[in-house]
Each structure stands twice: as structure tokens, then as C-alpha cells.
Amino acid sequence: MATDRRGAARRALALLAAPLLFLSACSSQPVQTAFAGAAMGTTWNVKIIAPGELGEREQQAGEAIRDALDDVNSKMSTYVADSELSRFNAHRSSKPFPVSAETMAVFVEAKRIGELTGGAFDITVGPLVNAWGFGPADRREDLDQAAIDELKSHTGWDKLVINEGEGTLVKLDPELYCDLSAIAKGYAVDRVSAALTELGFPDHMVEVGGEVYANGHNVEGRPWRIGIEKPDAVSGMQRVVGLDGLAMATSGDYRNYFERDGKRFSHEIDPVTGRPVEHRTASVSVLEPTCAAADALATGLIVMGEDRGYERAVELEIAAQFLVREGDGFVEKTTPAFDRAAGPLQ
Ligand code: ADP
Ligand code: MG
């Protein structure tokens, strides 16, 4: 979504899973089948491990993956003009707007993460995201304080009512505009994973635009191992994390940003100031049972920054790793829950 139209989709991760090994057709040997493509303005990769070649089921799995991704995109992308979300955003009225069960689930989860992060994760910052040049339109304005104040006056969780029982969303301010870019990719990962489990493929790894979930074993019969990249995007891996029934998402200021007068403007918007965040946290990675939660928490925590965000993550027992710029390098700050979930440093 937002990041990826700039093409650097595979950002925070490099997949260290075993290389594509198509082992012999011996039925006792696990076989890996890999799928890849582009969707939601980004790239995706899926690996399935099965006791033998998938045969006809390969096509079935490929279709299930694409259907899940298409469904999320057509409902939740601000880059698709007639998506359900775009239609809600264009609905300039306080009349209740009915949404699908899937979009409702993502709004409910977004609200929960908004509350956990003290409002730092805020899908209503959409107008500011767009004005700062990180939305669907290709524009980058010089925003003075008056312009920021005006846009900010139409943001805030208090202007959105989520009627879960009725399946409707209500804008208390008709100008409200929501952006699900920081949660929809993670949610798409969960949907693909659920579809694969339902098809009878519990051993899989799903990655969409750098957000990942892995379950069971890789082709070597070991837990999946995923690398967290160093935030300068060139110097390799900071950490390798084992994932089994666990998702990992990373938010960073190093893939999607612009610089002006030597200053870095990140695509993460602080809802309080209405400006791109300006602290030393280069990236936050979060481990959670669902990728939607991991995705949104990573964004919320990076907006909060290495002090407040770290304290909050410790308090809530969230597994989070903060990479903080110091001099020419980075300092790693991990929560106790992260150390427990990620396994020993290697
Ligand atoms: P990525 O898109 O690189 O995975 P994130 O998951 O952190 O990174 O999502 C960043 C995107 O989320 C931004 O490009 C913008 O569309 C949106 N966004 C920016 N600030 C916030 C915020 N405070 N709360 C929720 N979404 C945000
Ligand atoms: Mg995110």
C-alpha cells in the first residue's frame, strides 16, 4: 500500500527460509512449493510445505492466495478508487455507511490498537498522510502550521463511530478520511494464512510487503526463520527470529521518506502534531499471533518512539524490537516479551 508504490516493497525482511528445494518425489520427503506475485501495490511471497508435490492442488492454493489478496485490496485500499474504503472516504455525510464483515473486523482491530497505543495508531490521519505526500496522489506540499491545523481538525478517533452490531461506520465529521495502509497488509497476510490452513496446508510462510506470518515447519523440518534487516537497508541482518504460529511486522522510516534541507520526513504521522515523526527510532518490529495486530502495533509504537513506545510495549508485554539511530549505527532495544518470543540472539 502506501510505501510500496515507491517500489521498495520487500523492505524490512529478507527471508532466510531454505532455498527453493524441490526434493525428489519420494513421498516421505517434505516438498516446498513457492508462490509469488504483486498485489496491493507491493510484492508477496508464499511457501507451502506438504508431504509431496502439490499436483493439481497447486492451482487451487494459488487461486486461494490471489482471491484473499484481491478481496482485501478491493475492500481496504485507498489506492483503489472504488474500494469499499474509498467509497466510505468519498461519502461526505454522517449517514451510517454499511461495510463488509471483513472491513468491519479491520476497523475494530484498528480501534483496539489505537487504544493500546494511546492514540498514536490512528487511521483517521489519512488527510495528513495525503497532504505530506504519502498517499495515493503524487503530491508533496509544503505544509505550514495553518494548513496542518486545518487538516488536523478533521482527524481523530472521536470523529468515527464503529457500529459493529449494525455493520456500519459513521463519520461525525463528513470530512473524515480513513487510511488502513498500516494494518491492511498484515490483515491480508492473516487472510492468506487462514485460506491455506483451510485448504489443509498448515505448514506455510506468508509475506506481503515485508509483513510476515509463519506456521509449522520449513522444508528442512525446522521452524521458519526470518531475518530483521538493519535499517540502513544495505548492511544485512540485525537479527534472525524463529516464527511458529507467529507474525512479524516492521515499521521503519528508512524505506518510505523524503529529505528536505537535510531533514528526513517519515511516512509515519504523529496524530498529535500532524507532522511526520521526528525521533531517532529507525524501525520497530513486533511479534504477535496475528499479522494485523503486529502491523498496526509496529506503526503505533514507532510513532510513540523509543522512550514512550518502548515503555508502553514493556507495560503491555508486547514483543517489540526498537532499532534506534546512534552515531553512524543503531542501538537495539528489545522488550522482555520479544526476547522470550524471538529466541536467543544469533
Ligand atoms: P509500511 O506501509 O511500510 O508497512 P506502516 O505499516 O508503518 O509501514 O504503515 C505506514 C502507513 O500508514 C503510512 O504510509 C500511512 O499511510 C499510514 N500512517 C501514517 N501514520 C499513521 C498513524 N499514526 N496511524 C495509522 N496509520 C498511519
Ligand atoms: Mg504497520
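The figures follow:
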quantity	calculated
Residues of region 171-201 classified as more than 19 Å from ASP67 (Cβ to Cβ), touching a helix residue (DSSP H, G or I) at 6+ places or on another chain (Cβ under 8 Å) and away from ligand 1 (no atom under 16 Å from the Cβ), total	4
Region 90-112: number of residues that are among the polar types (S, T, N, Q) and out of contact with any Leu (no Cβ under 8 Å at 6 or more places or on another chain)	2
ASP71 vs. criteria away from ligand 2 (no atom under 16 Å from the Cβ), farther than 20 Å from THR290 by Cβ, in a helix (DSSP H, G or I) and in contact (Cβ under 8 Å) with a residue 12 or more places away in the chain	no
Any strands (runs of 3 or more DSSP E) falling wholly within region 278-339 and containing at least 2 residues that are of a type in the set (D, E, K, R)	319-326, 329-334
Residue within region 293-301 that is over 23 Å from THR273 (Cβ atoms) and out of contact with any Ser or Thr (no Cβ under 9 Å at 6 or more places or on another chain) present	yes
Failed criterion for GLY165 (all others in (1) in contact (Cβ under 8 Å) with a residue 40 or more places away in the chain; (2) closer than 30 Å to PRO96 by Cβ hold)	(1)
Count of region 114-142 residues which are on the phi < 0 side of the Ramachandran plot and either in contact (Cβ under 8 Å) with a residue 24 or more places away in the chain or touching an Asp or Glu at 6+ places or on another chain (Cβ under 6 Å) (or both)	20
Close pairs from region 295-308: first more than 10 Å from ligand 2 (Cβ to nearest atom), partner assigned to a helix (DSSP H, G or I) and of a type in the set (D, E, K, R), Cβ under 9 Å, at least 6 apart	MET304/GLU311; MET304/ARG312
Exclusive hit being buried (at least 19 other Cβ atoms within 10 Å of the Cβ) and of a type in the set (A, V, I, L, M), set VAL331, VAL324	VAL324
Flag for MET40 being crowded, with 16+ Cβ neighbours inside 10 Å and at pLDDT 95 or above	no
Residue match in region 88-102 (condition: of a type in the set (Ser, Thr, Tyr), in contact (Cβ under 8 Å) with a residue 40 or more places away in the chain and in a helix (DSSP H, G or I))	no
Residue ranges of strands (runs of 3 or more DSSP E) in region 150-218 with at least 2 members among the hydrophobic types (A, V, I, L, M, F, W, C) and crowded, with 23+ Cβ neighbours inside 10 Å	204-208, 211-215
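The values are calculated or read from the model by the stated rules, or taken from the named source; none is laboratory data. Every value quoted in this text rests on a predicted model; they were computed, and no experiment measured them. Every residue, glycine among them, receives a Cβ derived from its backbone with ideal geometry; neighbour counts consider all protein chains shown.
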